[in-house]
Each structure stands twice: as structure tokens, then as C-alpha cells.
1. Along Cα→Cβ, 7 Å out, is where each label goes; now give me the distance between the ones at K109 and N52 in nm to one decimal.
2. A66's amide H: which non-local residues (gap 5+, or another chain) put their own amide H closer than 5 Å, with H modeled 1.01 Å from N in plane and none for Pro or chain starts?
3. Non-local amide H neighbours of I60 (under 5 Å, H modeled in plane, Pro and chain starts lacking H): which ones?
4. What is the dipole size for segment 56-112, taken about its Cα centre, with +1 at each Lys and Arg Cβ and -1 at each Asp and Glu Cβ, in debye to the nearest 20?
Amino acid sequence: MNAMNGTQNLYGDLFAELNRLQEGFEQAFRPGSAGTSGSIRSLPRRTFPVINVGSTPDAIEVLALAPGVDPAALQITVDKGLLVIAGERKEDGPTAGENTAVYAQERFKGSFRRVISLPEDADPSRINATCRDGMLRVTVPRREASKPRQISVN
């Protein structure tokens, strides 16, 4: 009976892994599915930090959810129209050791890098970034020349 339970566990693990692979393929190759899901859990593995990008008439706003990241460890650069958010999140949970077993480890740890393409009217010389409670906000103002303006007729 014990050998039977071991066989069932092996097949259970195998089928769970096959299901995970199938879901990954379906997500990757489903027409029109790229980035349309609203669930954080549906993001590709290792997508950290999750971001929202929006715009106002005055600026482009990037919000990055980066809990557990020291703001001093963040590196924000802009070059040739690309905004890069990079850094590292240290491990803060249990680690497998002599007296410790880890049963699940879903929280991302390690180095990360996200690249956001900025529109042509972005003004990289006036970027502002703030980080509070694990939420990074990067504001990229638009160039004054690109804003609509009223011209009076004489």
C-alpha cells in the first residue's frame, strides 16, 4: 500500500506539472491574450514589480508595486525613450536549511528589471520618482511644446 501511495504522489506531481505547462502554453499562445488579464497571478513568472502606466495631459505616470524593496536599492534610468526600473529584493522569509523545510515559495526575490517605452513627447530631463510603502511612483512630465495651446488671432 505504501508503494501505491508513492506512485500516486509521483503521478500527481507529474500531472500537476503537465497542467502548469499546458496553462503556460495556452496563456502564451491564446490570440489576443497578451496582457489582457486583470489578475496579478496571471502575469508571467518573474514579472516583478507589477506596473500600471497611465497618462494625463501633463505627464506619464508609472506606478510600480514593489513591496519589500529598499528604495535605496532602486535604480531608475532613462535613455533613448526607455524608462528602466531595476533593483533587487532581498529574501526575507524562511530558507531551506538543516532544521527548516520550505513548502511553498511564491514571493519573488532577487534582481529585477522592467523597461517601459515612453512616448515621444515625454521630457526625461524632469522625471520625478517617489517611493512610499512599497509603491514606486515615477512621473514623466510632457514637453511644453507638445501641449496644445490657444492662439489668439489679431
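1. For the pair K109/N52, the computed spacing is 2.9 nm.
2. M135, L136
3. Residues meeting the criterion, in which the H sits 1.01 Å from N, are V140, R142.
4. Roughly 100 debye for segment 56-112.
Read-outs: derived from the displayed coordinates by stated rules, not from any lab. Keep in mind it's a predicted model, so treat the numbers as computed, not measured. Heads up, the Cβs are rebuilt from the backbone with ideal geometry, glycines too, and the neighbour counts pull from every protein chain shown.
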